[in-house]
1. Out of all the residues in segment 127-134, is one or more open to solvent by 90 Å² or more (accessible area, probe 1.4 Å), under 24 Å from Lys8 (Cα atoms), outside any helix (DSSP H, G or I) and in contact (Cβ under 8 Å) with a residue 24 or more places away in the chain?
2. Name the pairs whose Cβ atoms lie under 7 Å apart, with the first residue in segment 52-64 and touching a residue at least 12 places away in the same chain (Cβ under 8 Å) and farther than 14 Å from Phe91 by Cβ, the second assigned to a helix (DSSP H, G or I) and open to solvent by less than 60 Å² (accessible area, probe 1.4 Å), and 6 or more positions between them or separate chains?
3. Of the residues Ala49, Ala95, only one is aliphatic (A, V, I, L, M), in contact with a Lys or Arg (Cβ under 8 Å, 6 or more places away or on another chain) and farther than 24 Å from Lys9 by Cβ; which?
4. Taking Thr96 as meeting all but one of (1) closer than 24 Å to Lys127 by Cα; (2) open to solvent by 40 Å² or more (accessible area, probe 1.4 Å); (3) not in a helix (DSSP H, G or I), write down the number of the exception.
5. Quick check: is even one residue across segment 73-87 of a type in the set (Ser, Thr, Tyr) and under 27 Å from Asn13 (Cβ atoms)?
6. Could you grab the pairs with beta carbons closer than 6 Å, sequence gap of 6+ or different chains, first residue in segment 6-18 and at pLDDT 95 or above, second one assigned to a loop (DSSP other than H, G, I, E, B) and small (Gly, Ala, Ser)?
7. Quick check on Lys116: is it modelled with pLDDT of 95 or more and either among the aliphatic types (A, V, I, L, M) or open to solvent by 50 Å² or more (accessible area, probe 1.4 Å) (or both)?
8. Restricting attention to segment 65-83, which residues are among the aliphatic types (A, V, I, L, M) and in contact (Cβ under 8 Å) with a residue 40 or more places away in the chain?
Amino acid sequence: MSGSNFSKKFIFNEKIDSEYLYSLYEDDYQYIEEIYQTTLTHFDEDFNAIQRAYETNNISDLKKAIHKMKPTFGFVGLTLVQHICKVFEDFCQKATSSNELTSEYQQIVVTLAESKELIASEYNKLKEFNSNFL
């Protein structure tokens, strides 16, 4: 690998499955930046839907909201978070009340909030990185 190619490689946060991202987008960092931006644009709305469903004890809507948000994390390389969403979705399938999900819900809300911060941070780094190569 030549030095010039190596210097143009974006280094993702260690929590992001960069190999998976490269399998989806190769090294199209402009497109990855767009994916991150789109994810951030819709994040709060989707996150709020999860919280509303839990607070109103609507397990069906909670499962749907998690299911809707789950693939988002794959698109941004957070495959572990995507898996955590799948596990929580499975818990929702078995639950009859949000009270049964309290511990899991508290954990996933923290995970999702931390994920948003990570996505925002990576998005800002990608914007800066891409602006240097335009």
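The values are calculated or read from the model by the stated rules, or taken from the named source; none is laboratory data. Because the structure is a prediction, the values reported are computed rather than measured. Cβ sites come from the backbone with ideal geometry, for glycine too, and all protein chains shown count toward neighbours. Just so you know, the surface numbers come from the protein's heavy atoms only, side chains and all, with ligands and any DNA or RNA stripped out. Shrake-Rupley method; radii C 1.70, N 1.55, O 1.52, S 1.80 Å.
1. yes
2. Asn57/Ser98; Asp61/Ala53
3. Ala49
4. Here Thr96 clears every test but (1).
5. Yes, that holds for at least one residue.
6. What qualifies is Ile16/Gly77; Asp17/Gly77.
7. On the way: modelled with pLDDT of 95 or more: yes; either among the aliphatic types (A, V, I, L, M) or open to solvent by 50 Å² or more (accessible area, probe 1.4 Å) (or both): yes.
It is true that Lys116 is modelled with pLDDT of 95 or more and either among the aliphatic types (A, V, I, L, M) or open to solvent by 50 Å² or more (accessible area, probe 1.4 Å) (or both).
8. Correct list: Ile66, Met69, Val76, Leu78, Leu80.
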